[in-house]
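Data block below; observations after.
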Amino acid sequence: MVAARLRAGHPRSKRLRVARLSIHVNGYRMRSLVLLLLLSFAATPAGAQWLLLKNARIVDPVRREIRDGAIVIDNGKISDILREAPSVFKGEVIDLAGKWVIPGLNDMHVHSFGNLAPGNQIAYLGTAEAAKIMLYAGVTGFLDLFSPEDQIFRLRDAQRANGLLAADIYCAGPILTCTGGHGTEYGMPTRVINSPAEATATVTDLAKRHPDVVKIVYDHAFTMMPTIDHATMEAAVKTASKLGIQTVIHIGTWKDAREALDAGATCITHIYGGGDIPDDLVALMAKRRAYECPTMTVESDLLNMYRNPALLDRPLLKEVVTPAIIAAYADSMVMDPRSKGFFTWQAQIGTSLFRSVKKLADGGVPLLAGTDAGNPGTFQGYSLHRELELMVKSGVSPWTALAAATTTAGDFLGRKFGVEPGSIANLVVLDGSPIDDIANTQKIAMVIYHGAVVDRQALLHPASKPWTARLIDDFSDSARSTAGTAWSRIIEEGSPSTLHMEYRNGAMHVWGKMMPKDGRPGFVGISLGLDTAITPFDVTGFAGMRIRIKSAKSRVSLNAMTTGVKNYDFHSVRIELHPDFTQLDFPFTKFRQSWSAPVPWTGRDMYGVGLWVSGFEPADYDFTIDSIEFYTAGQ
């Protein structure tokens with residue numbers, strides 16, 4: 001027992017003594033259109049100082065008990081647990097009137113670009129926006145297990161240094177795979193290792209960026225693509241271990257899992273669908289204290305939604321996911337080949353998924369709740385609640401499921417998550433007991449983030465800010481635009497298209513080949529966020545955008561990216577071929593969407609610009625931009 005600190009006005013006689021929990025990080029199968037803006041920052045919640053939550057029912061996953069009491073929060077951490085609230089308190093007091101308080105939830109397997117749906121529907125969010133949606137849904141932290149490393153590390157580091165009012169970001173950065181292996185098909189750069197020497201050198205170099213985990217693909221079930229050999233996997237795991245970095249291994253078979261554990265892996269992600277997990281493997285994982293992140297949502301929920309459409313009527317789902325994405329899941333006739341593949345795979349896995357998870361829990365293997373969000377059948381923020389439901393459906397106790405998303409996740413990440421003194425004050429207040437019904441985690445009354453109450457509605461509907469700077473970028477700095485952000489590549493996952501970017505003589509040269517895929521138009525280009533948080537900016541003080549460009553071979557679209565458009569059909573204009581540098585003015589009144597239900601242009605929610613090439617026929621493209629800016633009428 002450790003006595004909690006008390007300040008003046010906190011009667012010692014009322015203090016409830018609780019056991020301290022020592023604490024200690026890390027997955028995947030992504031099918032997506034990857035468009036990653038470097039997403040720059042709302043501050044951590046203001047006033048995260050003294051807060052008293054009284055008349056609370058405190059749900060403690062470590063002690064497996066619910067106790068009545070009050071929680072004292074001081075500067076972002078829980079400083080005390082009291083049997084009764086003090087009569088005098090020097091800070092904000094909130095009467096929870098008997099509501100339940102759980103530690104903040106954490107999704108331990110995410111790809112945070114956005115949401116996919118059947119029929120090749122996509123709602124692009126970007127990591128910063130996805131993190132805001134997660135926080136709204138009570139997911140106060142997440143582990144991203146494959147994103148372009150420059151963007152995800154920069155965003156994570158900026159959040160930790162400067163604050164970003166969004167779920168806490170933990171990340172692996174790239175996925176380590178072999179040439180042509182899983183992870184190379186998505187049109188975004190990753191790190192390739194083909195030998196033990198390359199594995200050692202790559203992990204050593206990656207460690208300089210301080211990844212929260214190292215993610216490795218070792219998958220002999222997915223035979224359509226090669227995987228790294230045993231010696232290379234072993235070298236990568238051992239190097240990470242030597243450097244003090246935990247490893248998450250994407251496995252395909254139980255043999256893959258066993259060999260990864262023998263190499264020293266700390267976490268296995270996914271459940272092999274070819275049969276129940278062997279008893280001796282469960283015992284080995286428990287003995288090694290290795291974690292399992294089963295990702296039950298991605299392995300079953302597409303099929304579950306088809307069999308039980310009522311799952312699409314959940315209130316929280318409708319609050320965080322666009323109607324178009326939900327409608328696509330409701331219409332089974334729009335099932336595209338990728339979604340059909342997931343559908344068939346989930347049907348083949350069947351009940352062995354649930355039996356294996358139950359065996360792991362019964363065998364004492366620590367479970368982590370992770371959804372593999374970013375894949376079909378998953379939704380950023382919401383699906384973590386479904387993961388908990390599926391765990392309980394498998395026979396896992398609500399206490400174990402809740403711990404998998406809270407205190408056990410904290411153990412793995414090296415963070416103190418919980419409801420005891422010293423814990424990070426990330427909490428979720430619920431209208432129902434999650435132990436009586438784990439689905440009650442969706443009945444969110446309040447979210448506390450680093451000690452401050454979150455304005456949840458502001459996360460989904462942020463206030464527009466005025467944009468006053470004329471210049472967007474003059475390309476004088478190859479690292480950052482004039483706006484302070486970095487240009488990002490846009491390329492369709494699995495596409496044979498190519499894209500090259502080069503800064504040259506104060507301009508940016510972009511070239512490559514756009515290639516359609518599977519009867520759908522090709523899509524390739526570059527984008528720039530006006531800031532890194534996808535803040536909606538009011539640009540009504542300007543008449544339009546001005547660009548100085550020379551373009552050859554193919555026409556280019558100039559896109560005004562707005563928060564109101566969720567499907568890439570942004571308001572745009574077409575730039576004709578110009579063999580020499582030409583300055584062009586495009587008034588906002590000329591910007592139009594191309595193919596989807598029109599979203600009115602207001603000029604009050606613009607967050608970025610894009611230059612794209614698309615079409616149904618293969619096309620070479622080559623353009624160079626010298627400057628891009630806003631202009632005013634008569635300028």
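Inside region 537-554, residues that are more than 17 Å from Glu576 (Cβ to Cβ) and surrounded by 21 or more Cβ atoms within 10 Å (Cβ to Cβ) make up a count of 3.
If only one of Thr632, Thr582, Thr589, Thr532 is among the polar types (S, T, N, Q) and either touching a His at 6+ places or on another chain (Cβ under 6 Å) or closer than 30 Å to Ala166 by Cα (or both), which one is it?
After ruling out the rest, the residue left standing is Thr532.
Yes/no per residue for (1) at negative phi; (2) out of contact with any Gly (no Cβ under 8 Å at 6 or more places or on another chain):
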| site | (1), (2) |
| --- | --- |
| Lys553 | no, yes |
| Met561 | yes, no |
| Tyr568 | no, yes |
| Glu576 | yes, yes |
| Pro579 | yes, yes |
| Leu584 | yes, yes |
| Phe588 | yes, no |
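Restricting attention to region 478-501, the residues that are open to solvent by 70 Å² or more (accessible area, probe 1.4 Å) and under 16 Å from Thr624 (Cα atoms) add up to 3.
So for region 47-58 (the condition being open to solvent by 50 Å² or more (accessible area, probe 1.4 Å), assigned to a loop (DSSP other than H, G, I, E, B), within 25 Å of Leu384 (Cβ to Cβ) and modelled with pLDDT of 95 or more), does at least one residue qualify? No: zero hits.
Mind listing just one residue for me: the one in region 620-635 that is hydroxyl-bearing (Ser, Thr, Tyr) and open to solvent by less than 40 Å² (accessible area, probe 1.4 Å) and, of those, farthest from Phe581 (Cα to Cα)?
Of region 620-635, the ones hydroxyl-bearing (Ser, Thr, Tyr) are 621, 624, 627, 631-632.
With the extra rule that they be open to solvent by less than 40 Å² (accessible area, probe 1.4 Å), the set shrinks to 621, 624, 627, 631.
Working: Tyr621: 16, Thr624: 8, Ser627: 10, Tyr631: 18 Å.
Ranking the qualifying residues of region 620-635, first place goes to Tyr631.
Is it the case that Arg548 is closer than 13 Å to Ile628 by Cβ, among the basic types (Lys, Arg) and touching an Asp or Glu at 6+ places or on another chain (Cβ under 9 Å)?
So Arg548 fits the description; yes.
In this structure, Thr378 does not satisfy being at pLDDT 95 or above and touching a Leu at 6+ places or on another chain (Cβ under 6 Å). Listed by first and then second residue, the pairs with beta-carbon distance under 7 Å, at least 6 apart or on different chains, first residue in region 249-269 and at positive phi, second open to solvent by 10 Å² or more (accessible area, probe 1.4 Å), are Gly264/Lys238; Gly264/Ser241.
Checked against the criterion of being surrounded by 24 or more Cβ atoms within 10 Å (Cβ to Cβ), part of a loop (DSSP other than H, G, I, E, B) and touching a helix residue (DSSP H, G or I) at 6+ places or on another chain (Cβ under 7 Å), region 451-463 contains not a single residue that satisfies it. Restricting the search to region 302-326, which residues are out of contact with any helix residue (DSSP H, G or I) (no Cβ under 9 Å at 6 or more places or on another chain) and either open to solvent by less than 80 Å² (accessible area, probe 1.4 Å) or within 18 Å of Tyr124 (Cβ to Cβ) (or both)? Listed by number, the residues that qualify are Asn308, Ala310, Thr322, Pro323, Ala324, Ile325. Pairs linking a residue in region 612-635 that is within 18 Å of Gly544 (Cβ to Cβ) and charged (D, E, K, R) to a residue that is open to solvent by less than 20 Å² (accessible area, probe 1.4 Å) and in a loop (DSSP other than H, G, I, E, B), with Cβ atoms under 7 Å and 6 or more positions apart or on different chains, are Asp626/Phe475.
Only strands (runs of 3 or more DSSP E) whose full extent lies in region 468-530 are considered here, and the ones with at least 1 residues that are under 19 Å from Gly114 (Cβ atoms) are 488-491, 522-529.
Within the set Met296, Met285, the sole residue that is open to solvent by less than 10 Å² (accessible area, probe 1.4 Å), touching an Asp or Glu at 6+ places or on another chain (Cβ under 9 Å) and not in a loop (DSSP other than H, G, I, E, B) turns out to be Met285. On the stretch given as region 130-148, residues that are touching a strand residue (DSSP E or B) at 6+ places or on another chain (Cβ under 8 Å), outside any strand (DSSP E or B) and either open to solvent by 20 Å² or more (accessible area, probe 1.4 Å) or at pLDDT 90 or above (or both) total 10.
In region 209-231, how many residues are at pLDDT 95 or above, open to solvent by 20 Å² or more (accessible area, probe 1.4 Å) and either among the aliphatic types (A, V, I, L, M) or not in a loop (DSSP other than H, G, I, E, B) (or both)? So the answer is 3.
Please work out which residue is most open to solvent (accessible area, probe 1.4 Å), limiting yourself to region 427-450 and to residues that are within 20 Å of Asp313 (Cα to Cα) and assigned to a strand (DSSP E or B). Step by step, filter region 427-450, then rank; the result is Ala445.
Output the residue which, of all residues in region 59-93 that are part of a strand (DSSP E or B) and of a type in the set (Asp, Glu), is farthest from Gly451 (Cα to Cα). In this case the residue turns out to be Glu65. Is it the case that region 190-200 has a residue that's open to solvent by 40 Å² or more (accessible area, probe 1.4 Å), among the β-branched types (Val, Ile, Thr) and not in a loop (DSSP other than H, G, I, E, B)? Yes, the conditions are met somewhere in region 190-200.
Each row is one residue, and each column tells you yes or no for (1) over 24 Å from Lys553 (Cα atoms); (2) in a loop (DSSP other than H, G, I, E, B); (3) touching a strand residue (DSSP E or B) at 6+ places or on another chain (Cβ under 9 Å).
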residue	(1), (2), (3)
Leu584	no, no, yes
Thr589	yes, no, yes
Ser594	no, yes, yes
Ala597	yes, yes, no
Gly603	yes, yes, yes
Trp612	no, no, yes
Glu617	no, yes, yes
Tyr621	no, no, yes
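Across region 564-619, the number of residues qualifying as among the β-branched types (Val, Ile, Thr), under 20 Å from Lys465 (Cα atoms) and open to solvent by less than 40 Å² (accessible area, probe 1.4 Å) comes to 2. The one condition from (1) of a type outside the set (Ser, Thr, Tyr); (2) in a strand (DSSP E or B); (3) over 25 Å from the mean Cα position of the chain (by Cα) that Met561 does not meet is (3).
Filter region 94-122 down to residues that are part of a strand (DSSP E or B) and more than 28 Å from Ile438 (Cα to Cα) and give me whichever is modelled with the highest pLDDT. By that ranking, first place goes to Ile122.
Listed by first and then second residue, the pairs with beta-carbon distance under 7 Å, at least 6 apart or on different chains, first residue in region 341-364 and polar (S, T, N, Q), second buried (at least 17 other Cβ atoms within 10 Å of the Cβ) and not in a helix (DSSP H, G or I), are Gln346/Glu299; Gln346/Ser300; Gln348/Gly273; Ser352/Gly273; Ser352/Asp276; Ser356/Ile271; Ser356/Asp276; Ser356/Ile277.
Scanning region 239-255 for residues that are under 28 Å from Ile152 (Cα atoms) and either crowded, with 18+ Cβ neighbours inside 10 Å or touching a Ser or Thr at 6+ places or on another chain (Cβ under 6 Å) (or both) yields a total of 10.
The values are calculated or read from the model by the stated rules, or taken from the named source; none is laboratory data. What you are looking at is a predicted structure, and each value in this text was computed from that prediction instead of being measured. When we count neighbours, we look across all protein chains shown, and the Cβ atoms used for this are built from the backbone with ideal geometry, even at glycine. Accessible surface areas use protein heavy atoms only, side chains included; no ligands, DNA or RNA. Shrake-Rupley method; radii C 1.70, N 1.55, O 1.52, S 1.80 Å.
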